[in-house]
Structures are given as structure tokens and as C-alpha cells.
């Protein structure tokens, strides 16, 4: 019996560190050890990106740029215009090149940078044309400060014949025209646009976009110019 006592004491000493208990250590305060997030294979993965939502993976960094969508203003009209071309309101006018009274070439498309442009086609045999020509310069000057450009085209002489540079200069001086005066001996303006040669108005907005056309509409031109300026 005395020989059994040391053996029993030794056995109890060995068991006091874990006999009858779980061999895994618990962290202070209880609970289970934090092994970190699991990867796809069930093992410990890398720490989550602090800039992403743990649930969706969507970047939640407030400093990231946001897409505000397309601008409502849209791109500005091309200048010079590249087409397609047409002569109806909202379409871009085709180009025509004519000489002024001094022999300098001018094209319709050179007007494209202006807020509004106006072209009036005149024949010297047309009484309404002559009546309107007497007040055309005053209308032009009253709108020029708003960025209006204008061409006055002489299409025929008083005998229905082709105009000359001399007639062009005479018409410019006769009516005191400050706008650019052109002459069109081949009626290329009328044929290209498919319009009459006398008392014809064309109003365009920036980019040579047709705003309005009218014939024998001299009493409308000021209100049409105002409308083109958005007034």
C-alpha cells in the first residue's frame, strides 16, 4: 500500500494540466479563436479590401469619381460644316461660293462661326426687292452687335440678265449697305438651294443650321432674326 501512494500522486500531477478538459486553449474572455476570413477553399484568406463592401464587393470609396452621364448640351455644331446637307429648318445648308463687288471670294460656310447669319437674295428688276433693300442695312446694323453676319446677293440686273461686279458696287452704294454684297451671274445660290432668285431670305444659326426661309416675307425678317437669337 505505501508503494501505491507515490504512483497515485504522480498520475494526478500529470493529469492536472488537462485531464478531463479540451486540449485547445480559449482566448481571454472566452469565445473561439479568430482565424480571419476564409478563402474560397475554406482556409484563412487575405484581409478584405477596406475600400470594398464586405457583402457586395462594390467599391465604396467616396473619393472615387462618379459618372454624371452625358451632357444635355451636346456637341457644338461643326464649323466648317461637314454634312449631311439640306435646306429645311434644322438641316445644315450646302456651301456656295460667290465673289463680292471687289472680286473677293466668300462662301456660305464662312458664316458658320456666327451666332446668327442672314442671306437676302435680290434682283434689280424686282420692286419688292428694291423697297426692302432701302431698309436692309438698318435691320442688319440693329442686330450686328448680337453677332449677326449677313450676305446681300445680287442675282439679276434690271433686264433679267446676269449681274456684274459694277452692278454689285452700284447696289451697295445705292442702298448704303454695310453687310457683304455678292453677285451671282450663274445663279448658283438659287440652283444649289432650289429657291427663287428674287426676294428670298435665309436665316441660319451657328454651324449654318437653317432656322427659317421665306420669300416676300420682308415684314417678318426682324422677328425671325430675334427668334434665331432666342429673343
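Yes/no matrix, rows are residues, columns are (1) surrounded by fewer than 20 Cβ atoms within 10 Å (Cβ to Cβ); (2) more than 22 Å from residue 223 (Cα to Cα):
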{"site": "98", "(1), (2)": "no, yes"}
{"site": "105", "(1), (2)": "yes, yes"}
{"site": "113", "(1), (2)": "yes, no"}
{"site": "124", "(1), (2)": "no, yes"}
{"site": "142", "(1), (2)": "yes, no"}
{"site": "147", "(1), (2)": "yes, no"}
{"site": "162", "(1), (2)": "yes, yes"}
{"site": "169", "(1), (2)": "yes, yes"}
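Report yes if some residue within region 59-80 is assigned to a loop (DSSP other than H, G, I, E, B) and modelled with pLDDT of 95 or more; otherwise report no. Break it down stepwise before answering.
Just the residues of region 59-80 that are assigned to a loop (DSSP other than H, G, I, E, B), to begin with: 60-80.
Imposing the further condition that a residue be modelled with pLDDT of 95 or more reduces the set to none.
No, region 59-80 contains no residue that is assigned to a loop (DSSP other than H, G, I, E, B) and modelled with pLDDT of 95 or more.
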Item checked: Subset of region 211-231 (residues that are touching a residue at least 24 places away in the same chain (Cβ under 8 Å), buried (at least 17 other Cβ atoms within 10 Å of the Cβ) and in a helix (DSSP H, G or I)) -> 218, 221, 225, 228
Notebook entry, point to check: Applying the selection to region 101-123, what residues are out of contact with any helix residue (DSSP H, G or I) (no Cβ under 7 Å at 6 or more places or on another chain) and under 18 Å from residue 169 (Cβ atoms)?
Noted result: 102, 104, 105, 106
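Does residue 110 fit the bill of being at negative phi, modelled with pLDDT of 95 or more, under 39 Å from the mean Cα position of the chain (by Cα) and not in a strand (DSSP E or B)? Walk me through how you get there before you give the answer.
Working: at negative phi: yes; modelled with pLDDT of 95 or more: yes; under 39 Å from the mean Cα position of the chain (by Cα): yes; not in a strand (DSSP E or B): yes.
Yes; evaluated as a whole, the condition is true for this residue.
Kindly state which strands (runs of 3 or more DSSP E) lie completely within region 123-210 and contain at least 2 residues that are over 17 Å from residue 99 (Cα atoms).
Values: elements: 148-156, 180-183, 200-205.
Fully inside region 123-210 and qualifying: 200-205.
The values are calculated or read from the model by the stated rules, or taken from the named source; none is laboratory data. Here the structure is a predicted model, which means the values were calculated and not measured. Don't worry about glycine lacking a Cβ; one is built from the backbone with ideal geometry, like all the others, and counts go over all protein chains shown.
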